[in-house]
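Notes follow once the structure below has been shown.
The values are calculated or read from the model by the stated rules, or taken from the named source; none is laboratory data. These numbers were taken from a predicted model, which means no experiment stands behind them. Cβ atoms come from the backbone with ideal geometry, glycine included; neighbour counts cover every protein chain shown. Please note that ligands, DNA and RNA were not included when accessible areas were found on the heavy atoms of the full protein model with its side chains. Shrake-Rupley method; radii C 1.70, N 1.55, O 1.52, S 1.80 Å.
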Amino acid sequence: MASIAFLLNGTLQRCDVSPDTSILTLLREHLAQTGTKEGCASGDCGACTVAIGESTTGTQTFSSANACITPAHQLQGRHLVTVEGLTKEKHLHPAQQAMIECHGSQCGFCTPGIVMSLFTLHDDIRQRCAPRASERAQGRSQELSQELSQERLEATLGGNLCRCTGYRPIRDAALRMNDIPYERPQWFDAALPVEKGETLSIDSEGNASFFAQPESLAELTQLRHRAPDARLVAGGTDLWLETTQRLATLNQLIDISRVSELLIIEETTFEGQPGWWIGAGVTYSRLYPLFKEYFPAFAHLLHRLGSEQIRNRGTLGGNIANASPIGDTPPVLLVLGAQVELASTKRHRCLSLENFFLDYKKTALATDEIISRIFIPQPAKNQQLRVWKLSKRREDDISAVLGAFSYRLEQDVMRDVRIAFGGMAATPKRALNSEAALEGQTLSPDGFRAAQQALASDFQPMGDVRGSEHYRQQAAANLLERLYLTLSAPNQEVMLHAYAH
């Protein structure tokens, strides 16, 4: 057991729970707060959505999270807001009131999670659009309405499933809530002096049950050295499925989410290349502005990487360390020429990402190493990036096949071609033979046909519930065909779009 101190709906809580306790379990079984529901226990349905606050210049910024797969100990020194805490002096929060007025709830099971997603949207817009005293309420209302684009609404609610009400009245509630008067409670921004989680000692055999929360890279690597079998947790979006789905015990956990060096995005030069070092603990939500400016196709992919709840928690380093052959970001990072830095108490070393993945779920990480940061080179002049993900659902789903394509087109000649796929091998992998078939070739059907044929020597995919071997091979070839059609008719739409490809 280890202690947690945090604010729950403005009230200080101190709890002693085991390392593998989720926020959902803490709320329902330890604190008797049952408004937050368990639906899937895997971060897919959003019924358990809560809001976690972090202080930024004296103001709390709230982000949505799936309580079922978020470690309770990560609440240390933070604010937690649940559906029970939204009512103020018997007045409902605008998200709640709008859901009632727009008939956005039927059976009600998913409603608390939907309300909490709308709460974070409402709070974020109000904070960013806070008017000056001289501004009129009408002007503010117009500004708020502009913030609620269709794409923004879909991003906010994409992780909340509703089986019986239908989404139109929920969407109506989202558009209605900003017209309802509301004064932000003062306790939202209350300070909590407790900052660091308690670390329990590890015995000489490394068998103790503990949750450690280091704040520096030096602390982290020391802990990793002392407890090489402990599991590292950042967002927990994949790791926590081991306890919710497989009922495994996670009794030794090292939380990396507060290691300062792992939370930095630094623009710099590495080995003569300008680019960015991105800390392994940086979330997808924090990466979005950078990708939107320099890698629009990568930013576009993030719309389909899980849900907003997942993007608020999941990290780039975690997606790499997980070493899944169907992880969304590794194929893109491969074609961008990314490097990973591995750190231990003894050394720091860098590897190209393609040398990091060894086999299915196997990487070049030594037992005492962690991924500290990732280097992404700045795109070269005229470098283009295309990323296409195939999955059964457009949002909040795992890839069947994901293709990433980087290239330059000089007078209809393909240059610096890099192609990588997820879902086609035991690891995310470049299509070297297909690349060679296109490199230096004039844009033509024959060149792309040769590249499609070369895929057979690049990959021999396995079949599973997401797609057969034949489907994956054909799908990869079709993505190359899509690339050719896109390049040969740049002003013509060659596929259905609807925000995500």
| field | Selected residue (criterion: least open to solvent (accessible area, probe 1.4 Å)) from residues of region 464-495 that are more than 20 Å from Asp328 (Cβ to Cβ) and modelled with pLDDT under 90 | value | Ala489
| If you go through region 1-16 one residue at a time, do you hit one that is under 16 Å from Trp240 (Cβ atoms) and within 25 Å of the chain's Cα centre (by Cα)? | no
| task | Inspect all residues belonging to region 340-358 and state whether any of them is in contact with a Pro (Cβ under 6 Å, 6 or more places away or on another chain), at pLDDT 95 or above and either among the hydroxyl-bearing types (Ser, Thr, Tyr) or open to solvent by 60 Å² or more (accessible area, probe 1.4 Å) (or both). | result | no
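Of the residues that sit in region 43-78 and are among the polar types (S, T, N, Q) and under 21 Å from Trp240 (Cα atoms), which one is farthest from the chain's Cα centre (by Cα)? Don't jump to the end; show me each part of the working.
So the first thing to find is which residues in region 43-78 are among the polar types (S, T, N, Q), and the list is 49, 55-57, 59-61, 63-64, 66, 70, 74, 76.
Next, only the ones that are under 21 Å from Trp240 (Cα atoms) stay: 49, 63-64, 66, 70, 74, 76.
Working: Thr49: 15, Ser63: 12, Ser64: 12, Asn66: 12, Thr70: 13, Gln74: 17, Gln76: 21 Å.
Here the residue is Gln76.
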| Those residues of region 399-420 which are closer than 12 Å to Ala476 by Cα and either among the basic types (Lys, Arg) or touching a helix residue (DSSP H, G or I) at 6+ places or on another chain (Cβ under 6 Å) (or both), in sequence order | Val401, Leu402, Gly403, Ala404, Phe405, Ile419, Ala420
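Mind listing whichever residues of region 256-266 are within 17 Å of the chain's Cα centre (by Cα) and outside any helix (DSSP H, G or I)?
The answer is Ile256, Ser257, Arg258, Ile264, Ile265.
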| request: Scan region 362-377 and give yes if some residue there is more than 19 Å from Val332 (Cβ to Cβ), hydroxyl-bearing (Ser, Thr, Tyr) and part of a loop (DSSP other than H, G, I, E, B), otherwise no. | output: yes
| request: Output the number of residues of region 219-243 satisfying the condition of being closer than 26 Å to Glu54 by Cα, touching a residue at least 60 places away in the same chain (Cβ under 8 Å) and open to solvent by 30 Å² or more (accessible area, probe 1.4 Å). | output: 4
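Taking the conditions exactly as written (open to solvent by 60 Å² or more (accessible area, probe 1.4 Å) and polar (S, T, N, Q)), does Thr70 satisfy them or not?
Taking the combined requirement at face value, the residue does not satisfy it.
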| request: May I ask you to verify whether Glu271 is open to solvent by 20 Å² or more (accessible area, probe 1.4 Å), under 23 Å from Glu341 (Cα atoms) and modelled with pLDDT under 95? | output: yes
| request: Go through Val50, Val17 for me and flag whichever is of a type in the set (A, V, I, L, M), surrounded by fewer than 24 Cβ atoms within 10 Å (Cβ to Cβ) and not assigned by TED's automatic domain parsing to the domain that holds Asn251. | output: Val17
| remark: In region 365-396, anything touching a Ser or Thr at 6+ places or on another chain (Cβ under 8 Å) and among the aliphatic types (A, V, I, L, M) is listed as Ala366, Ile370, Leu385, Leu390
| task | From Leu302, Leu333, grab the single residue that is modelled with pLDDT under 95, touching a Leu at 6+ places or on another chain (Cβ under 8 Å), among the hydrophobic types (A, V, I, L, M, F, W, C) and not assigned by TED's automatic domain parsing to the domain that holds Gly235. | result | Leu302
| field | Unique residue being touching a residue at least 24 places away in the same chain (Cβ under 8 Å) and not in a loop (DSSP other than H, G, I, E, B) when the list is Ser434, Ser399 | value | Ser434
| In this structure, is Asp412 modelled with pLDDT under 95, under 26 Å from the mean Cα position of the chain (by Cα) and of a type outside the set (A, V, I, L, M)? | no
| note | The correct count of residues that are among the hydroxyl-bearing types (Ser, Thr, Tyr) and either open to solvent by less than 50 Å² (accessible area, probe 1.4 Å) or in a helix (DSSP H, G or I) (or both) in region 161-180 is 1
| field | Answer residue from region 415-449, given it is touching an Asp or Glu at 6+ places or on another chain (Cβ under 6 Å) and farther than 27 Å from Tyr471 by Cβ and is surrounded by the most Cβ atoms within 10 Å (Cβ to Cβ) among those | value | Leu443
| task | Scan region 378-396 for residues that are in a strand (DSSP E or B) and in contact (Cβ under 8 Å) with a residue 60 or more places away in the chain and report the count. | result | 6
| said: Can you list the helices (runs of 4 or more DSSP H) lying wholly within region 273-336 that have 3 or more residues being hydrophobic (A, V, I, L, M, F, W, C) and in contact (Cβ under 8 Å) with a residue 40 or more places away in the chain? | reply: 296-302, 316-321, 329-335
| Any idea which of (1) small (Gly, Ala, Ser); (2) surrounded by fewer than 20 Cβ atoms within 10 Å (Cβ to Cβ); (3) within 21 Å of the chain's Cα centre (by Cα) is the one Gly327 doesn't satisfy? | (2)
| In region 73-94, what count of residues is obtained for those that are assigned to a loop (DSSP other than H, G, I, E, B), open to solvent by 10 Å² or more (accessible area, probe 1.4 Å) and farther than 29 Å from Leu250 by Cα? | 4
| said: Checking the condition touching a strand residue (DSSP E or B) at 6+ places or on another chain (Cβ under 8 Å) and outside any strand (DSSP E or B), which residue from Gly43, Gly39 passes? | reply: Gly43
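Sort out which residues of region 405-431 are in a strand (DSSP E or B) and either in the same structural domain as Gly159 (by TED's automatic domain parsing) or out of contact with any Leu (no Cβ under 7 Å at 6 or more places or on another chain) (or both), and write them in order of number.
Matches in region 405-431: Tyr407, Arg408, Glu410, Val413, Arg415, Asp416, Arg418, Ile419, Lys429.
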